[in-house]
Structures are given as structure tokens and as C-alpha cells.
Amino acid sequence: MELLLQQVLAGLATGGIYACMALAVVMIYQAIDHLNFAQGEMAMFSTFIAWQLIQWGLPYWVAFAITVVVSFVAGILIDRVLFRPIQNAPILSQVVAFIALFSILNSSAGQIWDFTIKSFPTPFGHTSLFGSTLIDTHEAGMIGVTLGMLGLLYLFFRRTRLGLAMRAAAANPESARLVGIRVGWMTALGWGMAAAIGAVAGMLIAPVVFLEPNMMLGVLLYGFAGAVLGGMTSPGGAVAGGFAVGVIENVAGTFIPYFGRELKLTIALILIVAVLMVRPSGIFGRQAVTRV
Amino acid sequence: MIRVTRRTILAAAPSILTVASLPARAAKKYDPGVTDTEIKIGNTCFYTGPASSYGTIGKAMAAHYKMVNDQGGVNGRKINFISYDDAYSPPKTVEQTRRLVEQDGVLLDAGPLGTPTNSAIWHYMNQKKVPQLFVSTGATKWDDPTHYPWTIGWQPNYQSEGRIYAAFIMKEKPDGKIGFLYQNDDFGKDYLKGLKDGLGDKAKAMVVVEASYETTDPTVDSQVVGMKAAGCDIFVNTGIPKFAAHAIRKAVEIEWKPLHILSSIGNSVAATLKPAGLDNAKGLVSDFYLKDPNDVTWKDDPGFKQWVAFMDKYYPEGDKTDAGNVYGPSNAATVVQVLKQCGDELTRENVMKQAANLKDFTVPMLLPGIKINTSPTDFAPVKQVQMGRFDGTQWRLFGPLIAGAVT
Amino acid sequence: MTAPSDEVAAKEGVARTPAPARVGRSAIVRGDRGRRLAILAAVIAALLIPIFARGFLTFQLTQVMVYALAILGLNLLTGFNGQFSLGHSAFYGIGAYTTAIMMSRWDIPYFWTLPAAGGVCFAVGFLFGLPALRLQGLYLALATFALAIAMPQILKFQPLESFTGGVQGLVIDKPDPPFGLPIDADQWLYYFTLAVLLVMFAGAANLVRSRTGRAIMAIRDNPIAAAAMGINTALYKTLTFGVSALYTGVAGALGAIVVQFVAPDSFNFLLSISFLVGLVIGGVGSIPGCLVGGLFVLFVPNIAESVSTGLAGVIYGVILLLVIFVMPAGTAGFARILFARLLRSPKPEGRSR
């Protein structure tokens, strides 16, 4: 029982990482209706920028703020320069464009900052929480920030006109244009926000997994799994999904005999797929109903 | 009678000179890739892809060969070092190696990197009879001259390291419970086998937790937590730097203080210990065969100073705290020695013969006392290691040189 | 003005080439015959290459054909049937391992392993297609992605090690040319792969042009209308999954024979991504495009590396983006537009994808 509790707690701690990433993934999905494979790399690159600023002597929070702003702008630029020209191309072509972006970001980060792992500071410190040795203040802080961002996003989308305009633009671009919404800029704004959230996610995740160009690959996989599990239409669901993935993986790895040790990733994914069988749009997702 | 004119003398000159130089050494015999002025050698390394942190090894090797060329080359020939990226993908390694052998026409493959990547070309190289020289991996299977006479390893192999850890454990904590962390990979399992073989009958009782990780895992927290919960008091940590660092930090976070043994793969101060937190790494034990550039013991050591000068001049952008940049030139220096020993008989067969004929050869960055020895039945060049303990700032070597060759 | 040419097009059964509005029947026949000549010329060129090329180039082209076949498998599922799959590396791996195990453990000659690999993969694909029926778009992508990620772990799984060779992988011997033909092993493998390729490409082309093919494409274009017209969408979708897996599995088997080595980590999701890239570059829904895709997947990373080892990824990404910008519908789409312009029609009725 003690071990189960420990693994669940450890799973929640790791799950916090996935939840953070899942939130960013769902954000961009809601803004542009596609899955952005390069989300992780954008977050990684932003985190490197922050690291570099800190290396040059800037205090943490200044570097943090600058990075978020720079990422926001970069997100908008990427949308305008890269995706506007191909927005009418088939979906798969756009997916390949994301793959290209992934490759570019990963390779340039490796070239500029090389591949040795670096430690990244955390504003929350690494002391243990409530005397427990399993969750420390940083992991708790990460979960807190994730939930906080979730809350802010909820308020933004549900309670502000701009948020409403963005949702309209993503849901039905033609009708949105008809009522005067600048759909192009809504998409760009969505990209900017997703990039900024990604940057925050990266800066929260890096202290745990160590900063290096390949740090986001595994996280993106799990974040994606969590987002799908929770439902791509529901940011709250995605966050919950992220936590769930962390816990499932840890528990499966420890307790399922014989298979668990080596196949824990496989088992976690099988469970997720099984859930999708029952609820094809994710646990909290909404079924998209299309008119014939 | 041929009229002897200036033209005929000039035409005859090359043959006269060749004949004149013949008695000085054995007849020149060249295999593909060799001319009077050049020796072409090949290499594959991961410059891109998930394991690209090792790419610096290839770059350091290239820098070493450049230095050798600047100093006059090998017996008057410059080394043309061609290195291709295989992104840690075995099919790509096959393609790039075939390109080296069949298109570029290299004499040999010098220090190709990676275990599955070298496994992929193992048969090909032996079938084509091209030397697969001093492969940059510690898998035990490269030491097999009877079945694979064209392949030879270089560093101490993982199984012998595993046995050395077992011996150390038997001495320090013979009744302990071991938690073993390994990458779900060729080399991880090799280490495990060596450890278990070294423990013999006690292996089953002592190795309580065998926890693996994949390179896509974000952390290894769950594995470490499980080990503490199972009551382990010995931790054999064979992860690559990123995961070794995680494990070190997590162990401290959950207040678990086992006898913590790091493998030589993950013991770099810069790559592993610094990110993990130097204080967290106090008391760690590991094995070494190369000098750690962070160790101030070598401050005045001539070999070390030589290496620093080499890095400054030929690979200034290389990280002087990265162990890969010590490995690369040391491996390359061994290749150069083999080529030197070949003299003018630069055939592939002679290359392997000389590779199996290294006697007490040393390179500047090997630990003092470690000598490279090979023979036709012994394809394990570097066999010796020394144990070291981390004191919070650097590794302090202790004990004698330990030899452990497993065939 | 479109009605007559539609009738004509329907009569000729030409489903894939655009029917230019004001060009008559003779142009269509000419286009068809032109295409047949082009195919013949390509085949003859392919037959002659190994005689003049060195062993290494022959080896590379053999690999190109293997990838083209794998991409064709993905194309059948994603391009023609609209089911998004990121998991084809798993089928490729299953095919490769089937061959490797049969050849190295049971000493079965290599040509028998191909139908075996195909059969195993068909079964796996079909079985996977059944639950996949419930999933759409992104969720199906995740499910297939899960398969791709799980495959290396399963292959490394300890209890299966006696079969799979575990992380060490399995080595395969290169097959020798039969009947003592005066060609070397590389050339023989090239011709063997070419033969398999031609047969399977012809099979796919046939399938696409048949009623089954039209049903499959109808499901992609409008599943509800297709069901309303009486097409058994569930059956066709799972069958397509099976056939698609079969194609990629046979490609994997060939790939294993060509490379002579299989290891679990070679068949990871990055391979799936390569197939996807090859599919899009070649042209989704285009059978000849798969060859272009194969060429791209093999050669462009090498080109990127030769420009700069450190920034190879950047160059590769830039090349990809340029290709997508210039040819958003892939090479086949681009060729179609080019062709239509050449035939000087007012409004080329190309496919929208």
C-alpha cells in the first residue's frame, strides 16, 4: 500500500509535466485545428533562450518574462511566415511542415547550445514538500502553475470577447469572417499564445528533466497521449489526462508482474487506446457532430 | 639502343627512383584507399538524432587526425578521415559504411560508434575483409578473433566492467541488496550480464531490482523510488549521463543513500555530475580508464597538458570537460599507431595483423599504468580500469589497476 | 460543357487523370497511351541501371524501392481510404522480423518469407483495423502512434528474446543469385525487389481502379454518403487496413533482406514519420508518387548531411518546407497541374487533394 501511494505520488509529479505539455498541445489544437508536432521543440528552443539569458546574467524572472514575450512574437511570426502560405494545402502537407519545423528547431538548438545536458533553475526550489520525499516544491509549483494557466485560459476563452472571437474563428472561419472577425489574426494570436504557453511549460519542465535539445521528445509523446485521453476539445480534460498518464505509467510499471517492467509504456498506451474505444473523443471530450 | 635524352631520363625517373628506394624497406603494398601520399580511412558517428551528444567524439577524432597530418602524417602519408552520420540507425549505418567501402574506397573503418550500428555492419565488414578497427563501443562481442577476425574493440568491455563492480561489491558489501538501472539496450544488458556473472551464485539473491528505462522516458524517478522501497542498499547505475544524473538527484531527494556505483559511461563530471548537483554526487564510485579532464590531479601531467594544447589548437569549440573529447583522440591515436606499424605494407590484412600486435602501447590520456596490449587471440586493447570516488569536487582514484577481460 | 466529357471519362474508366473540359476522346486515349509508354520506358531504364551502376548505387536504389513499397502501403490506407496512420513503422518491423526469424532461426529461403510476412501483417492490420473503426482523425492517429511506439519495446521484450534476438538483433545472410546467373548478389536483390515492386504496384493500381477501389475512395470522400449507398464501410475499412499493412510488411521483409540486419530500435516512430513525409512529398493518393517519396526519404537526408553535418536537420527541414510551399499537393499533384496546363485545358478538373 505504501509503495502504491509512493508510485501514485511520483506519477502525479511526473504527470504534472505531461499535463503542462498537454495543455499547450490542446491550446494550439483549439486555435488551428491541427496537432503541432513541433510544439515540444518550440518549447525547448524557448527554454534555451531563457537559459542563455540567465547565463548572460539576467535574473530569473526577467529572463522568464522576456522569453515568454519573445516566444509569443515568434509564434505569430511562424504562423504568418510558415503557415499562412500553405493554409489551404491538404492537412497532411501541413503536418509535414510541422515536421520540418521540428527538424529545424532541434538541429539548430543542438548546433548553438550542443547536446550536453544543462541544469535549469527553478523559482520554486527543490526542497521537499510537507516533509514527504516524493513531491518537492518545484513539482508542486509546476502543478500549481499549470492549473493556474488553465484557469486563466478558461476565463479568457469563456469570459472575454477576444476569447470568444478566437473560438469562433477556429470553429467556423467562414461565419466568423462574415461577422467581422479577422480570422487570420485570430489564428496568429492562437499560435502566439500556444508558443507562450509552451515556453512556460518548457521552463517548468526543464528543471526536472534537464535541458537538452532532445528533452521534449518523450514529454511530447506523453503529453499528446494525455491530451487525447482527456479529450482534445477540453483543456481541463487534457490536464487531467496528463496526470492520468503519469500515474498509469508508474503504477503499471511497478505492479503489473512480468510485463510491467519492460513494457510499461506499451501498457500505458494500450490502456489509453482502450479508453478511446469506449469514449472515442476522450474522457472529457465532446463528440463532434457534423451535419450531413 | 634508346637515345638517352632529357625526355627519356625524365620519363624513366619515376621508375628509377622507385627502384632506388626499394631496398630501404619492404615492397610497397597498397590496398584501396592508399597512395604514396594519402591513407583514406572511414568512420560513422551520430551527429544527428537522439544520441547526437556523442557526435563530439567524431569531431574530436577528426581533429586528432588533422594534428597528425600537420606533424607530417604517418610515414609521410596524410590521413584522409571521412566520417558520415548514421543518426544511430543501423540501416543508415549499413548504407554509409557501404558508401565508405564501395564508393569512397577507404582502407578501413576507424572507431565507428555505437553497438547496434556496429552490429549491423559486423558481417559485412568480415565478409568484405575490411578492418572494423577499434569500434567505439564496449560490447563484449567484439573480442572474437576466431569468428570475426576483421573486427576489434577498444575500450574495456561492459561485461568486464560489470564483473569489476561485482568484485567491488563482494568486497565492500557482500550481503547487500542491489538495484540495477540500465538502458533497455544492448549495452545495458551487457552490463547486467557481467554483474550477474561476477556475482555467480549470489546473483539471484543479491540483485533484487532490475529496472530499465527507454531513451524517450522523461525521468527515471519511478525506478529509483521502487528500488528504495524494495530495500536496496546498493545502486548500480549504468545509465547514460542524462538518466544517470536523474537517478543521482532523485536518490538524494528521496533520502536514499545506497552504495552508489556509476558506470564509466555516465561518470563525466560535466555531463552527469554537474547537472545532478556536485554535492549530490558525493561518495559515488566509478571506474575509469581515461583521465577525467576535470580532475586537478592531472594539472601538471604532461599528457594532460598535451591534450589541452591539442584541444585549443585543433578543436577549440569542443567542450574540454566532455569525456567524449578525451575518448576520440585516444581512439584515433591507437589507429595511427597501427598505421605506423604497417610501414609501407598498407594492406587490410596487415592492418589487422598490426592491430593484433600492439605491445604496451599508451596514449597520453589513458590513466598512468594502463597499457594497450593485443594479440591474435586477444582483441581487447584496453583492459584495465581504476576505481575512483567522488569527493564533491572531483574524482579521486584509489586502489590498483584492475584488469578484467571477458571473451 | 462538363456533361459530355464526364460520360466519356466514365466510359473509358479513367478515374485518375483529369478530364479536360474541351479536349475530346482522342486526347484521353493519347494521355493513357502516353502514360503506358512512360511506364514501359521507366521499367526498361530500371532494368538497365544495375548493369552500369556500381554495387553501392544499386544497393541504394534497392532501398529506394523498398521505401516506395512501404509508402504505397501507407498511401492505400491514408491516401485512398482517409484513415490517418502513424503506425506503419510497426508493420514494417513486423514484416522485417518475420523474415529475419524465418531465415535465421528456421532456415526458410527468402522468397517464401515474403508471402509469410505479408500474411502476418495482413492479419495484424486487419485486427488493428477493427477497433480503429471507432476512431477518427486525431484519435486514430494516436492509436496508430501508440502501436509505433510500442513495437520496439515489444521486440526487445525479454521472454521473446529466443525468437527476436532481443536488443542484439538478428543477422541475415545475403541471398545468392539463383541458377548461377552471372550477376552479383546486389544486382540480384535489385531485380528481385524490382519484380516484387512491379507486381505489387500493378496490384495496387488495379485495386484502385476497381469497384473495390472506388468504394474505398468513396469512404474517404464522404463516409456517410458511402454508407447510404450501401457500401459496407466497416468491412472495407478493415480490409484496407489489412492490405495496407500487408504492403508495408512485405516492404519490411525486403528491407530486412537488403540490409541483412534487424534490430528493435530501427523500427521506431521516426520511421513512421519518414513514411509520412515520403507519402506527402510523393503525393497523397498517387501510386507513382510513392517512388518519388522513396527517393526523397533515402537521398535528401544524405544531401542535407553533405551540405553541413552539424546543421543537417536544419537543411532537411528547409528543403521540406520549400517542397511543401512549391508543391503543396506533392510531386504528383504538381505534375498533374503541369500536365493539365500542357494539354491546354481551360479548367483542369484535378482532384482536390
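Some observations on this one:
- Among (1) open to solvent by 40 Å² or more (accessible area, probe 1.4 Å); (2) more than 29 Å from A:Trp185 (Cα to Cα), the one test that A:Val62 misses: (2)
- Selected residue (only one of C:Ile273, C:Ile281 is within 11 Å of chain A (Cβ to nearest Cβ) and closer than 15 Å to C:Phe91 by Cβ): C:Ile273
- Residues (in contact with an Asp or Glu (Cβ under 8 Å, 6 or more places away or on another chain) and more than 7 Å from chain C (Cβ to nearest Cβ)) located in the stretch A:89-112: A:Phe102, A:Leu105, A:Ala109
- Within the stretch C:152-166, residues that are more than 15 Å from B:Gln183 (Cβ to Cβ) and away from chain A (no Cβ under 13 Å) have Cβ atoms under 7 Å from residues that are part of a helix (DSSP H, G or I) and open to solvent by less than 60 Å² (accessible area, probe 1.4 Å) in these pairs: C:Phe163/C:Ile101, counting only partners at least 6 apart in sequence or on another chain.
- Filter pass, B:Gly324 being at positive phi and touching a residue at least 60 places away in the same chain (Cβ under 8 Å): no
So that you can scan it fast, the table gives a plain yes or no per residue for (1) touching an Asp or Glu at 6+ places or on another chain (Cβ under 6 Å); (2) buried (at least 24 other Cβ atoms within 10 Å of the Cβ); (3) not in a helix (DSSP H, G or I):
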site	(1), (2), (3)
A:Leu4	no, no, no
A:Val8	no, no, no
A:Gly11	no, yes, no
A:Ile17	no, yes, no
A:Leu23	no, yes, no
A:Val26	no, yes, no
A:Asn36	no, yes, yes
A:Gly40	no, yes, no
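- Some residue of the stretch C:173-180 being surrounded by 14 or more Cβ atoms within 10 Å (Cβ to Cβ), aromatic (Phe, Trp, Tyr) and free of Cβ contacts under 8 Å to residues at least 40 places away in the same chain: no
- Residue check for B:Asp175: assigned to a loop (DSSP other than H, G, I, E, B), away from every other protein chain (no Cβ under 14 Å) and surrounded by fewer than 23 Cβ atoms within 10 Å (Cβ to Cβ): yes
- The one condition in (1) under 18 Å from C:Phe261 (Cα atoms); (2) away from chain A (no Cβ under 14 Å); (3) part of a helix (DSSP H, G or I) that C:Cys121 fails to fulfil: (1)
- One residue stands out among those in the stretch C:260-281 that are of a type in the set (A, V, I, L, M) and touching a strand residue (DSSP E or B) at 6+ places or on another chain (Cβ under 9 Å): the one that is nearest to C:Leu72 (Cα to Cα), which is C:Val262.
- Of the helices (runs of 4 or more DSSP H) lying entirely inside the stretch B:285-359, those carrying at least 3 residues that are aromatic (Phe, Trp, Tyr) are B:302-314.
- Evaluated against (1) out of contact with any Pro (no Cβ under 7 Å at 6 or more places or on another chain); (2) assigned to a helix (DSSP H, G or I); (3) closer than 25 Å to B:Ser53 by Cα, B:Thr117 falls short on exactly one condition, (1).
- In the stretch B:221-237, the residue that is most open to solvent (accessible area, probe 1.4 Å) out of those that are of a type outside the set (Lys, Arg) and part of a helix (DSSP H, G or I) is B:Ala229.
- Matching residues in the stretch B:99-114 - criterion: being on the phi < 0 side of the Ramachandran plot and surrounded by fewer than 20 Cβ atoms within 10 Å (Cβ to Cβ): B:Glu102, B:Gln103, B:Asp104
- Set B:Tyr213, B:Tyr191: member being open to solvent by less than 30 Å² (accessible area, probe 1.4 Å), among the hydroxyl-bearing types (Ser, Thr, Tyr), within 14 Å of B:Tyr158 (Cα to Cα) and within 14 Å of another protein chain (Cβ to nearest Cβ): B:Tyr191
- Tally of residues being open to solvent by 50 Å² or more (accessible area, probe 1.4 Å) and within 20 Å of the chain's Cα centre (by Cα) across the stretch B:76-94: 1
- Each residue in the stretch C:100-158 was checked for being open to solvent by 20 Å² or more (accessible area, probe 1.4 Å) and either touching a Pro at 6+ places or on another chain (Cβ under 6 Å) or of a type in the set (Ser, Thr, Tyr) (or both), and 4 of them qualify.
- Every residue from the stretch A:209-231 that is among the aliphatic types (A, V, I, L, M), open to solvent by 10 Å² or more (accessible area, probe 1.4 Å) and either in a loop (DSSP other than H, G, I, E, B) or facing chain B (nearest Cβ under 8 Å) (or both): A:Leu217, A:Leu221
- Some residue of the stretch B:287-304 being open to solvent by 10 Å² or more (accessible area, probe 1.4 Å) and within 14 Å of another protein chain (Cβ to nearest Cβ): yes
- Of residues in the stretch B:46-75 being away from chain A (no Cβ under 13 Å) and in a loop (DSSP other than H, G, I, E, B), the one least open to solvent (accessible area, probe 1.4 Å): B:Gly73
- Residues (open to solvent by 30 Å² or more (accessible area, probe 1.4 Å) and modelled with pLDDT of 75 or more) located in the stretch A:274-292: A:Ala274, A:Val275, A:Met277, A:Val278, A:Arg279, A:Ile283, A:Phe284
- Considering the stretch C:52-68, the residues that are part of a helix (DSSP H, G or I) and without any contact (Cβ under 8 Å) to a residue 60 or more places away in the chain include one that is nearest to C:Gly278 (Cα to Cα), namely C:Leu57.
- When the stretch B:133-152 is limited to residues that are in contact with a strand residue (DSSP E or B) (Cβ under 9 Å, 6 or more places away or on another chain) and away from every other protein chain (no Cβ under 14 Å), the one that is modelled with the lowest pLDDT turns out to be B:Asp143.
- Residue within the stretch C:258-275 that is aliphatic (A, V, I, L, M), more than 26 Å from A:Leu221 (Cβ to Cβ), over 11 Å from the mean Cα position of the chain (by Cα) and open to solvent by less than 30 Å² (accessible area, probe 1.4 Å) present: yes
The values are calculated or read from the model by the stated rules, or taken from the named source; none is laboratory data. Here the structure is a predicted model, which is why all the values come from computation and not from measurement. Ideal geometry is used to build each Cβ from the backbone, glycine not excepted, and the neighbour counts take in all protein chains shown. Accessible surface areas use protein heavy atoms only, side chains included; no ligands, DNA or RNA. Shrake-Rupley method; radii C 1.70, N 1.55, O 1.52, S 1.80 Å.
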